[in-house]
Structures are given as structure tokens and as C-alpha cells.
1. Let me spell it out: the conditions are (1) more than 16 Å from the ligand (Cβ to nearest atom); (2) in contact with a helix residue (DSSP H, G or I) (Cβ under 8 Å, 6 or more places away or on another chain); (3) under 11 Å from residue 198 (Cβ atoms), and residue 41 meets all of them except one. Which number is the exception?
2. For the stretch 37-121, which fully contained strands (runs of 3 or more DSSP E) count at least 1 residues that are among the polar types (S, T, N, Q)?
3. Yes or no: the stretch 221-240 includes at least one residue that is part of a loop (DSSP other than H, G, I, E, B) and either hydrophobic (A, V, I, L, M, F, W, C) or farther than 18 Å from residue 20 by Cα (or both).
4. Search the stretch 63-87 for residues that are more than 15 Å from residue 186 (Cα to Cα) and assigned by TED's automatic domain parsing to the domain that holds residue 97 and pair each with any residue that is among the β-branched types (Val, Ile, Thr) and more than 16 Å from the ligand (Cβ to nearest atom) when their beta-carbon atoms are under 7 Å apart and the residues are at least 6 apart or on different chains.
5. Within the stretch 146-169, how many residues turn out to be assigned to a loop (DSSP other than H, G, I, E, B) and either crowded, with 19+ Cβ neighbours inside 10 Å or at pLDDT below 95 (or both)?
6. Within the stretch 134-176, can you find the residues that are of a type in the set (Phe, Trp, Tyr) and either in contact with a strand residue (DSSP E or B) (Cβ under 9 Å, 6 or more places away or on another chain) or away from the ligand (no atom under 15 Å from the Cβ) (or both)?
7. Is one or more of the residues making up the stretch 188-206 part of a helix (DSSP H, G or I) and touching a Pro at 6+ places or on another chain (Cβ under 7 Å)?
8. Of all the residues that make up the stretch 222-233, how many are surrounded by 14 or more Cβ atoms within 10 Å (Cβ to Cβ) and more than 21 Å from residue 56 (Cα to Cα)?
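The values are calculated or read from the model by the stated rules, or taken from the named source; none is laboratory data. These figures come from a predicted structure and were not determined experimentally. No Cβ is skipped: glycine too gets one built from the backbone with ideal geometry, and neighbour counts run over all protein chains shown.
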Amino acid sequence: MGYPQVFLHGGSTWAEEASLDFSDNSNPLGPPPQVEEALSHAAELGVYRRFPAHLAEETLREYEGVEVTVFNGATEALLYALLDLKPRRIAVPWPSYGDYLRIAQLLGVETVRFPPWRLEVLKPGDVVVLANPNNPLGYHWPRDVVLDYADQVRRRGARLLVDESFLDFVRGETAAPDLPVVKSYGKFLAAPGLRLGALLYRHKAPPPWRINSLADYAVYTAGAAALRRHREKTLQYLDLEKPRFEAAIRKCVAYVPSAVHFYTVIGPPPPRVKTRPLGDKGVQGFRVSLKSPAANDVLINAICRNI
Ligand SMILES: Cc1ncc(COP(=O)(O)O)c(C=O)c1O
């Protein structure tokens with residue numbers, strides 16, 4: 001639709017066929033059952049006829065252990081974070097999530113893409129947007145490494161904004177409250193259509209209605225304990241499924257080691273399954289995301305061309 005290729009996205013809309021969609025990097029276990037139940041309830045009760053109460057913020061504050069301001073997806077939260085930080089340029093350790101570049105365009109600021117360790121490209125006033133874990137490569141830096149990186153960025157007169165949209169898929173700690181952090185909950189909740197994201201700090205002037213009532217009700221009703229249980233189940237699933245998947249594809253292709261549930265695989269995309277080609281990010285490969293064990297077998301077969 002006239003957007004530059006860099007704004008391409010994995011996943012699919014509710015109006016598309018979504019079977020064998022390995023481009024969608026949301027939680028392979030699906031949404032927490034309590035969130036799905038609460039969503040049906042919310043629809044029956046007609047909570048969408050009334051304004052949100054922003055009570056999801058209480059649940060997420062308890063889940064994260066830091067201040068939270070919810071937004072209509074990380075997409076909106078990112079815009080607010082960058083309005084706060086007033087960057088002269090937006091610098092993105094590349095490859096990374098492409099929407100940072102769209103937002104820079106919207107704000108009318110230049111962008112610079114650089115390998116994460118080449119900090120000499122930075123200038124005073126730059127804001128570095130680091131996706132940790134990274135999308136699409138899946139690397140994860142522990143909290144102390146991120147804080148140290150932020151110090152190095154600061155020494156060059158620049159600042160660091162961290163995007164932790166995939167942090168729930170690793171055993172890692174948030175860089176908040178030491179650094180400004182943005183987060184999507186659409187990945188972990190396997191519910192990108194809820195449009196739930198946040199800043200992990202208290203925003204001084206958030207929009208009055210910044211989240212929809214269905215998402216607000218569902219997350220508040222499910223509660224932080226249900227989210228924590230779902231996170232633990234997700235991590236346990238990945239502990240088992242990642243080594244099995246890697247052992248299978250290692251025999252046929254090269255892939256980038258990943259800390260999360262998705263991988264960058266080197267080479268042309270396989271036939272008959274949907275993957276996320278990465279040519280727009282300068283990577284000669286494609287991203288695939290784990291699903292159920294049976295679906296992953298289909299993916300393994302497609303990648304290894306044995307179907
Ligand atoms: C790293 C990263 N940040 C932010 C987003 C946007 O999240 P949301 O759907 O909550 O706007 C995505 C979505 O793919 C993402 O991959």
C-alpha cells in the first residue's frame with residue numbers, strides 16, 4: 001500500500017488465513033486462559049460501551065514490579081517515549097524492528113542504523129532505540145549489559161530507550177526503572193489485536209483514554225498471578241521445544257542462535273508456509289517463530305524441504 005518495505009510486518013489480520021503462519025512471533029502457547037475467559041465476559045457485559053478504567057495498569061504494575069503507563073500498543077507508547085526524549089536523531093542498532101524508522105519520519109528526525117558495538121557513529125542528542133531481546137535476531141542482553149551500554153551511549157551525549165516487547169520469553173530482568181522502557185504485551189499475551197502496550201514509567205501527560213475497555217477489563221480480571229503463571233509455562237515450553245527445533249534444523253540450514261521463540265534462518269524462504277522474509281533489513285534470510293510441537297514439525301519439514 002505504498003509503504004516502504006522496511007515497514008513490513010509479520011503475523012496476519014483477523015481477515016486473513018492464519019494457518020501455518022510462522023511469521024507471527026506471538027506466544028506459541030497462545031493467550032493466558034484467564035485473559036480469554038475475561039474477554040468473553042467483557043463482551044457479554046458490554047464493557048466496550050463504557051470508557052476504560054485503566055485498571056490493567058494496576059495488574060501490570062504488580063506483574064512488572066515498576067511503574068506502568070498503558071497505551072494503545074507499544075506503537076503508541078513508542079511515540080510518547082520519543083516525544084519525551086526529543087531526539088535530534090534516532091539511532092537503531094541494526095537489524096531491528098522497522099517501525100522505529102517510521103516514527104522517526106513522523107517526528108521529522110533523521111535516522112542512523114548501525115551495528116550495536118559501533119557507538120562512534122553517535123552524536124550528542126541522539127536517542128538509541130535498542131530492542132532487547134532483538135527482533136529479528138533474538139539476541140538478549142542481561143540487565144547489567146544494557147545498563148553498561150546505556151552508560152557508553154550517555155558518554156557520547158546520547159540516550160538509550162529500550163524496547164522489551166520480547167522480554168517475557170527469556171529469564172531476564174527489565175532495565176526499568178533505571179532506563180526508559182517501552183513494551184508490547186501483544187506478543188506475550190498472543191493477542192496483538194488487543195493493542196496493549198506500555199511505558200514502564202509514569203508518563204506525565206498520557207492520553208485520557210489510552211487503552212480499550214476490553215483489554216483493560218481482561219488484563220485486570222485475569223490478574224498478575226495468572227500472567228506470572230503463563231510466563232513460567234511459556235519459559236518451560238521453550239526450554240524443551242527450542243533445543244528440539246534447533247537440533248532438527250541444524251542438519252539442513254544455518255540459523256542465528258536466539259534466546260527467544262523466533263529465529264533468523266539464513267537462505268531463501270521455504271515453500272508452503274508463511275515466514276517473514278528479512279531482505280528489507282539487509283539480512284539474506286527469513287524469520288520463523290515456534291508454534292505447537294506438531295506445527296513446528298511442519299516447519300522443520302518445510303525448511304529441510306522433505307515434504
Ligand atoms: C520489537 C517490537 N516492538 C514493538 C512492537 C509493536 O507492538 P504493538 O503491537 O504492541 O504496537 C513490535 C511488533 O511487532 C515489535 O516487534
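1. (3)
2. 69-72, 110-114
3. Scanning the stretch 221-240, I find at least one residue that is part of a loop (DSSP other than H, G, I, E, B) and either hydrophobic (A, V, I, L, M, F, W, C) or farther than 18 Å from residue 20 by Cα (or both), so the answer is yes.
4. 87/109
5. Residues meeting the conditions: 4.
6. If the condition is that a residue be of a type in the set (Phe, Trp, Tyr) and either in contact with a strand residue (DSSP E or B) (Cβ under 9 Å, 6 or more places away or on another chain) or away from the ligand (no atom under 15 Å from the Cβ) (or both), then 141, 149, 166, 169 are the ones that fit.
7. no
8. So the answer is 0.
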